[in-house]
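First the structure, in the form of structure tokens, and then the observations on it.
The values are calculated or read from the model by the stated rules, or taken from the named source; none is laboratory data. Given the structure is predicted, the values throughout are model-derived calculations rather than measurements. Please note: Cβ atoms are built from the backbone with ideal geometry, for glycine as well, and neighbour counts cover all protein chains shown. For accessibility, only protein heavy atoms count, side chains too; no ligands or nucleic acids. Shrake-Rupley method; radii C 1.70, N 1.55, O 1.52, S 1.80 Å.
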Amino acid sequence: MALQQKGMHGTWVSRWTFIMAATGSAVGLGNMWKFPYVAGSNGGGAFVLMYLACILLIGVPVMMAEVMIGRHGRKSPINSMRDAVDDSGADPRWGYVGWMGVAAGMLILSFYAVIAGWALDYIFEVASGNLIGVNGASAGAVFDQLLNDPGRLVLWQTVFMLLCVGVVVGGVKRGLGVAVEILMPLLFVMMLILLGFAVVKGNFSAAWAFLFSFNFEALSWRAVLEAMGQAFFTLSIGMGAIMAYGAYMPQNANIGKTILVVAFFDSSVAIISGLIIFSIVFATQGVEPSAGPGLMFISLPVAFGAMPGGVLIGSIFFVLVSIAAWSSAISLLEPCVAWLIETKNMGRITANLLLAGFAWLLGLGSVFSFNIWSEYKLAGFTFFDFLDFLTANIMLPLSGLMIALFVGFVMKEEAVNAELEGTPSLVAEFWRTTLRYIAPVAIAAVFVMGIYDKFLS
Ligand code: TRP
């Protein structure tokens, strides 16, 4: 019999609830909005292969390690990390890993709310019928109009932030556990319907070829770094979100199997989104696969504007993107809120307003980077691009590296083994080797080469 330990917050009802909650955190803008455009900007096929390799060889082992720290401590990430450090007798400075995660979480939340705001705005844009019959160019103009209107961007950013606060104030467990079990399957069904549309009406074979034919000449170290950053971002690892959810995982659930299922769902949604969007892109004149952040907001409206019932399907699609973003964003807010409550004795409402307010304020920088500040560049990036690059490509890999080294070499053997209970020893050995050697070496190599490529060559 496995131990039935519980923390002060209790556990998810079942392994399945954990899977849906972790999938809710993982599946978000990263899958539907970011993956297709990053793959598009990096030439497709070879990037996708690197991305999948990063998910399997780096993402899954590190994600398992993160869940282990969380389930071992059963507290908010900063405190779980500190507990693991304390009872391994390790250097207390390892505890900084938890802090870096929280900082990255706040930075991500700040721009995440702005992009989620675009999706909210597009629910109404599509529903109003404004986009019926648009082509690539006119859909692009409608999108530019949104980006050039700071007031409208701030409005939707604020609405999204309030939606997140609304959930987290009420306590994530009660609301979230139920919500994700309904919303995630619904999301999956909607994606399949859109995929059907893409197969029938889009240029599916071109999309398939673009995503799965491997042209290694197009692949730079910078692209490999982005593939790795994307793997971290999409799985929600490297910043404590998964650690926090792991703290509520039943003790008898097998971590390896569970995380593989989450990674499978997450990659499937990303690949299906890519197939849908590129099928439509390749069937539409005036839209390039390398269109960048606007890809989803320009190419899909063209398709919705042309199909019967497109106004309805299109609005529902953007509702679902918003929901996916929502279930991810609360996993960015909750760990910090939990920590403030645990250690600073702060009320849940105060903690929420404080953190959401901070992220909202910082988010204004991203809002303005699309219009009035678009000329200001930091290291060649706009403010939004800078935060995106800093978090996904620097902070998340760095804290992933530290987590791999910590659980691989520093954390007490018995504690790790207790979390591995029920895992066949061959699988456990494979995981340990990957976590100790393959993941850290790969992260470090890609990291150094990617930064070199970006700034020094
Ligand atoms: N995984 C989410 C997405 O793909 C984003 C996200 C949620 C995230 N929580 C996170 C990213 C924690 C990094 C860390 O949209």
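Worth pointing out:
- Residues being touching a Phe, Trp or Tyr at 6+ places or on another chain (Cβ under 8 Å) and in a helix (DSSP H, G or I) - total across the range 283-312: 13
- Matching residues, the range 201-218, being open to solvent by 40 Å² or more (accessible area, probe 1.4 Å) and either modelled with pLDDT under 85 or of a type outside the set (Phe, Trp, Tyr) (or both): Lys201, Asn203, Ser205, Ala209, Ser213, Phe214, Asn215, Phe216, Glu217, Ala218
- Leading residue by the ranking (least open to solvent (accessible area, probe 1.4 Å)) among those in the range 227-258 that are hydroxyl-bearing (Ser, Thr, Tyr) and near the ligand (Cβ under 7 Å from one of its atoms): Thr234
- Here Ile271 clears all of (1) touching a helix residue (DSSP H, G or I) at 6+ places or on another chain (Cβ under 6 Å); (2) of a type outside the set (Gly, Ala, Ser); (3) within 16 Å of the ligand (Cβ to nearest atom); (4) open to solvent by 20 Å² or more (accessible area, probe 1.4 Å) except the condition numbered (1).
- Contact map, the range 230-251: residues that are farther than 17 Å from Met20 by Cβ paired with residues that are open to solvent by 10 Å² or more (accessible area, probe 1.4 Å) and charged (D, E, K, R), Cβ distance under 8 Å, separation 6+ or inter-chain. Pairs shown: Gln230/Lys34; Phe233/Lys34.
- Residue within the range 172-184 that is assigned to a helix (DSSP H, G or I), of a type outside the set (S, T, N, Q), open to solvent by 30 Å² or more (accessible area, probe 1.4 Å) and at pLDDT 90 or above present: no
- For Glu66, the conditions (1) within 16 Å of the ligand (Cβ to nearest atom); (2) at pLDDT below 90 all hold with the exception of (2).
- Qualifying residue in the range 93-104 (condition: more than 16 Å from the ligand (Cβ to nearest atom), of a type outside the set (Gly, Ala, Ser), farther than 26 Å from Gly309 by Cα and in contact (Cβ under 8 Å) with a residue 60 or more places away in the chain): yes
- Flag if Met190 is in contact with a Ser or Thr (Cβ under 6 Å, 6 or more places away or on another chain) and either among the hydroxyl-bearing types (Ser, Thr, Tyr) or surrounded by fewer than 22 Cβ atoms within 10 Å (Cβ to Cβ) (or both): no
- So Leu295, is it away from the ligand (no atom under 16 Å from the Cβ) and crowded, with 24+ Cβ neighbours inside 10 Å: no
- Of all residues in the range 27-43, those satisfying the criterion of being of a type in the set (Gly, Ala, Ser) and more than 8 Å from the ligand (Cβ to nearest atom) are Ala39, Gly40, Ser41, Gly43.
Yes or no, residue by residue, for (1) modelled with pLDDT of 90 or more; (2) of a type in the set (Asp, Glu):
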| site | (1), (2) |
| --- | --- |
| Ser220 | no, no |
| Ala223 | no, no |
| Leu235 | yes, no |
| Gly238 | no, no |
| Tyr245 | no, no |
| Asp266 | yes, yes |
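- Residues in the range 396-424 that are of a type in the set (Gly, Ala, Ser) and more than 21 Å from Pro250 (Cα to Cα): Ser399, Gly400, Ala404, Gly408.
- So Val261, is it open to solvent by 30 Å² or more (accessible area, probe 1.4 Å), part of a helix (DSSP H, G or I) and out of contact with any Pro (no Cβ under 7 Å at 6 or more places or on another chain): yes
- Tabulated pairs, the range 120-148, first more than 28 Å from Gly365 (Cα to Cα), second open to solvent by 20 Å² or more (accessible area, probe 1.4 Å) and polar (S, T, N, Q), C-beta under 6 angstrom, 6+ apart or interchain: Gly136/Thr284; Gly136/Gln285
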